[in-house]
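In what follows, a single structure is set out as structure tokens and then discussed.
The values are calculated or read from the model by the stated rules, or taken from the named source; none is laboratory data. What you see is a predicted model, and the numbers here were worked out from it, not measured in a lab. No Cβ is skipped: glycine too gets one built from the backbone with ideal geometry, and neighbour counts run over all protein chains shown.
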Amino acid sequence: MGIRWGNAVYGILALFAGGWIVAELSAHMPRLEAAATQSANSPQPLAQPWQGGSFPVENFSRYTSPFGYRTDPYSGQARFHYGLDIATPMGSYVRSWWQGTVARVSEDTACGTSVVVRSGDWVHVYCHLQGYVVVETDGDRVLVDRRGGIQLQQGRRVKAGTRIGRVGMTGRTTGPHLHWGLKYQGTWVDPAQVLQAMYANQRL
Ligand SMILES: [Zn+2]
């Protein structure tokens with residue numbers, strides 16, 4: 001799938017060499033696995049629960065801001081950063097981490113043009129994309145990025161790895177990157193931990 005795990009994981013390991021909670025997250029994975037195996041697209045149960053995931057962006061450059069407290073680049077004050085920032089070349093394609101349903105496309109917050117995908121108990125958020133949101137007469141909301149060939153309708157089913165947008169600079173951002181947020185049962189979790197667990201399973 002064109003995932004440059006070598007670079008991606010080196011950065012993750014550098015950022016998160018300290019203690020973390022993969023074991024705890026992995027304990028939650030059977031529910032995600034169950035959601036995945038209900039799809040007609042994956043008739044076989046996953047040998048490892050994390051194998052069904054996709055790295056969320058093509059053309060990884062580096063991690064620019066981890067999950068946790070940081071100095072806000074705009075206000076200079078300490079703020080919690082509820083996601084992982086992944087720098088990429090402008091226009092790189094963003095991929096859905098997991099199969100699920102597009103719960104929301106929007107463009108009116110600091111997140112910029114953005115996509116929210118729901119996969120069972122998990123919600124994944126992708127910010128600062130290119131394009132804009134069209135609200136059709138029947139109320140359907142569609143993310144449109146013509147140059148990228150993206151037309152993503154709210155309510156659409158996506159697979160892990162489906163291209164759902166391209167990296168841009170909409171919303172509050174100082175450079176092209178994907179802000180990737182992950183929630184489990186309504187609580188933000190560190191996406192780096194999920195990536196590390198996915199990588200660990202890839203090597204098996
Ligand atoms: Zn961010």
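Worth a mention:
- Of all the listed residues (R146, R163, R203, R157), the sole one being among the charged types (D, E, K, R), out of contact with any strand residue (DSSP E or B) (no Cβ under 9 Å at 6 or more places or on another chain) and either modelled with pLDDT of 95 or more or at positive phi (or both) is R146.
- The set of residues from the range 144-188 being more than 12 Å from the chain's Cα centre (by Cα) and either acidic (D, E) or within 16 Å of the ligand (Cβ to nearest atom) (or both) comprises D145, G168, M169, T170, G171, R172, T173, T174, G175, P176, W188.
- Tallying residues that are more than 16 Å from the ligand (Cβ to nearest atom) and in contact with a strand residue (DSSP E or B) (Cβ under 6 Å, 6 or more places away or on another chain) within the range 107-120 yields 4.
- If you filter the range 80-99 down to residues that are within 15 Å of the ligand (Cβ to nearest atom) and touching a Ser or Thr at 6+ places or on another chain (Cβ under 8 Å), you find that the one that is farthest from E58 (Cα to Cα) is H81.
- Subset of the range 185-195 (residues that are touching a helix residue (DSSP H, G or I) at 6+ places or on another chain (Cβ under 7 Å), closer than 12 Å to Y63 by Cβ and not small (G, A, S)): L195
- Pairs, first closer than 24 Å to G131 by Cβ in the range 71-99, second of a type in the set (D, E), C-beta under 6 Å, six or more apart: S92/E58; Y93/E58
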